[in-house]
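Only the coordinates and a few stated rules stand behind these numbers; no lab work does. All figures in this text were calculated on a predicted structure; none of them were measured in a lab. Please note: Cβ atoms are built from the backbone with ideal geometry, for glycine as well, and neighbour counts cover all protein chains shown.
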Amino acid sequence: MAILEVQHVSKSFGHTEVLKDISFSLDKGKVLSLIGSSGSGKTTLLRCLNFLERPDGGVIRVNGETLFDAGDRATMKEGEIRRKRLHFGLVFQSFNLFPQYTALQNVMLAKELLEKEKTDYKARKKEIHKQIEAEAGNLLDQMGLSDRMDNYPHQLSGGQCQRVAIARALAMKPDILCFDEPTSALDPELTGEVLKVIKGLADQETTMIIVTHEMAFARDVSSQVIFMDGGRIMEQGTPAEVFENPKEERTKQFLSRFTNQ
Amino acid sequence: MTFAEQFPIVIQALNTGFLQTLKLFFVTLLGAIPLGLIISFGSMSRFKPLSYFTKIVVWIIRGTPLMIQLLIIYFMPGLMGNNIWGGGESGRFLAASIAFIFNYACYFSEIYRGGIQGVPKGQEEAGLVLGMTKSQIFFKVKLLQMVKRIVPPMSNEIITLVKDTSLSRIISLQEVIFAGQSFMKGNMGIAGVIWPLFFTAVYYLIFNGILTVLLGRLEKKLEYFR
């Protein structure tokens with residue numbers, strides 16, 4: 001069954017329609033790549049899923065639960081949005097690590113704040129802290145950063161920062177992890193190390209949506225590809241369908257720029 | 001009276017005066033630091049009437065001399081037939097405190113606004129997608145980054161405040177300038193000497209020296225992140 005269903009989502013900024021009738025679904029454990037030129041609406045779509053933007057129309061469902069329905073104001077309550085956000089994780093292009101915290105603290109912060117709100121927190125404070133610390137340590141270890149845990153973001157390379165950001169998102173155990181051009185701010189060498197980590201997550205069947213311009217990577221890692229243009233889904237299918245047999249002229253045109261390189 | 005005889009008497013009077021200077025300085029800081037934050041939230045409010053109102057108030061306070069504000073706050077109630085301050089030193093101190101707190105809060109609010117708006121939008125968004133509340137994001141993520149940004153301009157204002165306290169001389173608050181001047185007219189058997197007034201500068205200079213070192217240390221302490 002689909003873990004994520006998106007139906008007829010639309011969004012405008014002023015008079016500019018940035019998303020037009022977006023519909024797709026994603027199965028658990030699968031990877032979806034969103035490709036398309038800049039300004040095609042990929043990032044806005046991710047931001048809508050993470051409740052950073054509110055769509056003007058459409059429905060978003062996760063595990064059968066309706067998280068957002070433009071026709072039902074009850075799904076837009078501010079207090080509920082916070083809980084709903086936790087279904088999704090988002091890794092930003094510019095990392096957005098918290099500069100005053102170490103790598104380990106960055107990964108622990110949100111989880112600890114969430115636990116603090118539970119009624120039994122005070123009694124089990126030390127135990128909870130230890131557990132969160134151990135989990136965060138494991139995640140950073142998995143990202144190949146076991147010797148960088150006590151470093152501050154400014155002491156890390158871009159690739160290391162992005163891996164900390166991935167660990168930070170994973171710490172909240174999201175159902176679906178989203179990446180917004182995770183390697184666009186990195187040089188080719190650092191891009192490789194981040195892509196390797198994402199590939200590793202795909203192998204562990206982490207459900208992911210990846211906005212990327214790395215076509216070879218998208219082809220290799222994803223089970224599903226969506227090509228967007230001018231706020232619309234122009235084409236979607238398996239990597240083989242979209243990359244090898246694109247039906248739309250616009251898709252061919254877009255992809256030719258990458259294959260000619 | 002020889003200079004050697006005058007000196008201890010003058011120093012004692014100046015010490016007493018400087019104590020009042022310090023009191024006004026610390027009371028102003030204590031009041032203006034939080035009030036400035038409230039005013040900055042007002043001027044950044046998305047509720048337009050509130051933000052316009054706040055901006056007009058800040059414009060008036062920053063656009064007119066503190067000395068005039070002191071005079072108005074101290075003398076207006078009496079002129080209107082209700083002298084709420086009373087005649088004594090405590091009344092003058094209260095009036096001066098209110099004028100200073102309000103004036104400095106307006107300056108601080110603009111520094112805070114710059115500090116808050118200077119924190120990248122991505123910090124808030126990162127907090128939101130991690131399921132943090134707006135207040136958690138403010139206190140746990142943005143506040144320290146904002147403090148780091150505002151320490152240098154705040155240091156400037158704080159050092160200016162030390163010297164601005166002397167403006168309260170205009171309503172005869174008995175701070176250090178008042179004490180120094182008293183020896184010109186005549187006080188404790190000393191009259192017609194001007195050096196005590198000049199000597200008050202040493203008090204400001206030493207105190208600002210201490211503040212410069214302390215604020216410099218705070219700035220250094222926040223250098224552990226960028």
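Quick look at the values:
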| quantity | calculated |
| --- | --- |
| Relative contact order [Cα under 8 Å, 6+ residues apart], the range B:56-182, whole percent | 30 |
| Rounded to 5, the percent of DSSP beta bridges in the protein assembly as shown classed as antiparallel | 60 |
| Residue mean of other protein chain beta carbons inside 10 Å, A:93-101 | 6 |
| Spacing of the two label points (7 Å from each Cα toward its C-beta) at B:Ile11 and B:Met80, in nm | 4.7 |
| Protection proxy ranking, peptides B:204-212, A:53-61, average beta carbon neighbours within 10 Å, highest first | A:53-61, B:204-212 |
| Share antiparallel - DSSP beta bridges, chain A, percent rounded to 5 | 60 |
| Nearby lysines by direct alpha-carbon distance to A:Lys30 (threshold 29 angstrom, same-chain neighbours under 8 apart not counted) | A:Lys11, A:Lys20, A:Lys42, A:Lys84, A:Lys111, A:Lys173, A:Lys196, A:Lys199, A:Lys247, A:Lys252 |
| Value at 222 nm in deg cm²/dmol, rounded to 500, when DSSP H runs of n ≥ 4 in chain B each add -39,500 (n - 2.57) | -26000 deg cm²/dmol |
| Average projected area [Cα convex hull, the range A:1-160], square nanometres | 12.2 |
| For peptides B:53-62, A:230-239, A:89-98, sequence by mean Cβ density within 10 Å, most packed first | A:89-98, A:230-239, B:53-62 |
| Candidate lysines for bridging to B:Lys121, where Cα separation is under 17 Å - those fewer than 8 sequence places away on the same chain excluded | B:Lys134, B:Lys140, B:Lys142, B:Lys148 |
| Relative contact order of chain A, pairs being alpha-carbon contacts under 8 Å that are 6 or more residues apart, as % | 26 |
| Point-charge dipole on Cβ atoms (K/R +1, D/E -1) for chain A, about Cα centre, debye to 20 | 660 |
| Value of relative contact order over the range B:37-121, rounded to a whole percent, pairs C-alpha under 8 Å and six or more apart | 40 |
| Inter-chain shielding of A:79-91 (mean C-beta neighbours from other protein chains, 10 Å cut-off) | 2 |
| Dipole in debye (nearest 20) - the protein assembly as shown, about Cα centre, beta carbon charges: Lys, Arg +1; Asp, Glu -1 | 1300 |
| For B:180-188, mean number of other protein chain Cβ atoms within 10 Å | 0 |
| Dipole of the range B:108-226 [Lys/Arg +1, Asp/Glu -1 at C-beta], most positive-end residue of B:Ile190, B:Ile177, B:Ser155 | B:Ser155 |
| Relative pair counts by distance (%), Cα atoms of the protein assembly as shown, 10 Å bins | 4, 15, 21, 18, 14, 11, 9, 6, 3, 1, 0 |
| Cα lying deepest toward the dipole's positive end in the range A:50-148, options A:Phe92, A:Gln105, A:Thr66, charges on Cβ | A:Gln105 |
| Antiparallel bridge percentage (DSSP; both residues within the range A:165-261; nearest 5) | 55 |
| The range B:1-133, dipole about Cα centre (Lys/Arg Cβ +1, Asp/Glu Cβ -1), debye to the nearest 20 | 420 |
